[in-house]
1. Output the residues belonging to the stretch 282-303 that are farther than 22 Å from G391 by Cβ and open to solvent by less than 50 Å² (accessible area, probe 1.4 Å).
2. Only one residue in S444, S434 is open to solvent by less than 20 Å² (accessible area, probe 1.4 Å), outside any helix (DSSP H, G or I), of a type in the set (S, T, N, Q) and at negative phi, so which one is that?
3. Of the residues K516, K511, only one is among the basic types (K, R), modelled with pLDDT of 95 or more and open to solvent by 30 Å² or more (accessible area, probe 1.4 Å); which?
4. Just wondering, is there one or more residues in the stretch 188-199 that are outside any helix (DSSP H, G or I), small (G, A, S) and more than 29 Å from G280 (Cα to Cα)?
5. When you check K230 against the structure, is it part of a loop (DSSP other than H, G, I, E, B), surrounded by fewer than 18 Cβ atoms within 10 Å (Cβ to Cβ) and under 14 Å from the mean Cα position of the chain (by Cα), yes or no?
6. If you take the residues of the stretch 280-294 that are modelled with pLDDT of 95 or more and in contact with a strand residue (DSSP E or B) (Cβ under 6 Å, 6 or more places away or on another chain), which of them is farthest from C443 (Cα to Cα)?
7. Considering each residue of the stretch 492-510, count those that are outside any strand (DSSP E or B), touching a residue at least 40 places away in the same chain (Cβ under 8 Å) and of a type in the set (A, V, I, L, M, F, W, C), and give that number.
8. Among (1) more than 24 Å from the chain's Cα centre (by Cα); (2) crowded, with 16+ Cβ neighbours inside 10 Å, there is one condition L208 misses while meeting the rest; what is its number?
Amino acid sequence: MPAAKFNKKKAVKRDDPQSKRKKKDELFTPKRGKKEEENDSDLSDALGEEEVEDGMLDGDELGSGSGSGSGSEVSSDGDDPLADDFFHGSDEENVSRSVSGSDSDESDIEEKSRAIDEERAREEKDAADEMQLNIKEESDEFRLPTKEELEEEALRPPDISNLQRRIREIVRVLTNFKALRQEGATRKDYVEQLKKDIGSYYGYNEFLTGVLVELFPVVELMELIEAFEKPRPICLRTNTLKTRRRDLADVLINRGVNLDPLSKWSKVGLVVYDSQVPIGATPEYMAGFYMLQGASSFLPVMALAPQEKERIVDMAAAPGGKTTYIAALMKNSGIIFANEMKVPRLKSLTANLHRMGVTNTVVCNYDGKELPKVLGMNTADRVLLDAPCSGSGVISKDESVKTSKSLEEIQKCAQLQKQLILAAIDMVDANSKSGGYIVYSTCSIMVDENEAVVDYALRKRNVKLVPCGLDFGRPGFIRFREKRFHPSLEKTRRFYPHVHNMDGFFVAKLKKMSNKIPTTQSSEALEEEAVEEEDIEAEKSANEKTDGECLHPQVNDGKKRKKVVSEKHEVENGEESKPGVEKRKKRKFPSREEISKAREEKRQALREKKAGGSKK
């Protein structure tokens, strides 16, 4: 019994791997011929009969009790031909079915993938063809609109997408004008169309658009205009009279303010990205720990560089951002005269001075042109003039500038700025041990309000330009179109929103060399009178050219009138002038025709003399 059990288990263990091997061999072995299969079947039948006989003998020897075991052994034997044939047939059928099914599936997948690839290739080709078509239509063959097309556009509502595309195309053509220009079209045609489109798309008036086009190349012009459409970052200035920047940043971060240091050039500035609390109503703001102030407003005070115990004048102080910054740099020592001409703005100025803890400032309300008479000539160490201007650099804050400015208004601003800068220079003491500096700044990018005003001051007073102390910013213009300025205007600095991410700004720093006003200078009214007199004289001389006897007396009378004007100016200024210099300045030279006629007369006279001498 134990032997029979052992053989049964042994047979079971022996059969499983063999049957598995047979299945694998049948799957992976190549097909045989019919003769080989018949020989194998005969051999297996013979072997099966022998094994059955052996099993019968073994069963008889073991006894009747082992019959069931022998039967089970025969049935479990892996070499049973019937079982082998059964399993063999079923495996072949399954394999053939699976192979045929897999072949059909693979063929379907291949067809689908091929169709997908073809569709994708077709889409890519269509996209490429469309792109080439667009490039040919819109880029290479861009045409300026005709008068009829422009008239039709004027009757319809503005097509924003068409305007934007045309602006982009005109800029592209102007950057490579020789290669891309339309036949028969000039650069002026493209520029004029660009001005109109900018005015329609962005809302600028014709004057301001023309000024911007003259100031910048077209690519930079579009960058500037796009920068004007976006607000500038919110900036804070730490009040060093009450706290430090690091401590203030920690407190504001805890209140949910996302901020960073402003830049390397400022030790007190912070830029705010977003805030969970109103940044202008925090307890720290109310306590005067910081001032909401644009980054560009830091620059004039940094250029002024006030020292402790100095006497400083801020000619246009409201709302107090620059004044409180000066007081912080002076550590509340010395004295600051904060002047503001407009009475309503005095409230914000005094409120900010109290909130920030400034104690060395006197607030006054005078016209800036009259300050030298009030505070005295040559009495201040430094003067800051943040002059009233057109505001063409802060369009992102005040979009009304786009349409409200004109040439007349710019000229009025420039005239006022010239008077204010002369007053600022007159207040500064050239003999100051630590000072003698004037800083002139505007929030404008106009040349007439910036370089032209500083150049005027250089001609009217004994001052020179010095470096601003700012290691960034673009240098000022030395020449602009037909205008030519002093070469030292390179030391002035211009700041633009598209370059420095701050409001458009101009800063110039002047050093006063002498308290004496140059004697050869005269007021603009006197200059205009002199010009008018010269024009009158020219008209009279043109009318009286035929009467040679009357020409010289008229010139002498004009000179006498000029002398009277110069004597009046001497009495007003209380100083002596040099009449000889005035004569040389106002001398009128004869024309070429007169010179050639005089030479011909001299030659004729010499010939007559020679002819008379030879006769004698």
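The values are calculated or read from the model by the stated rules, or taken from the named source; none is laboratory data. From a predicted model like this one, the values you see are computed outputs, not experimental measurements. Neighbour counts run over all protein chains shown; Cβ positions are idealised from the backbone, glycine included. Surface areas here come from the heavy atoms of the whole protein model, side chains and all, with no ligands, DNA or RNA. Shrake-Rupley method; radii C 1.70, N 1.55, O 1.52, S 1.80 Å.
1. Scanning the stretch 282-303 gives T282, E284, Y285, A287, G288, Y290.
2. Only one candidate passes the filter, namely S444.
3. On inspection, the qualifying residue turns out to be K511.
4. Checking the stretch 188-199: not a single residue is outside any helix (DSSP H, G or I), small (G, A, S) and more than 29 Å from G280 (Cα to Cα).
5. yes
6. Once the filter is applied, the top-ranked residue is Y290.
7. 1
8. Checking L208 against (1) more than 24 Å from the chain's Cα centre (by Cα); (2) crowded, with 16+ Cβ neighbours inside 10 Å, the one that fails is (1).
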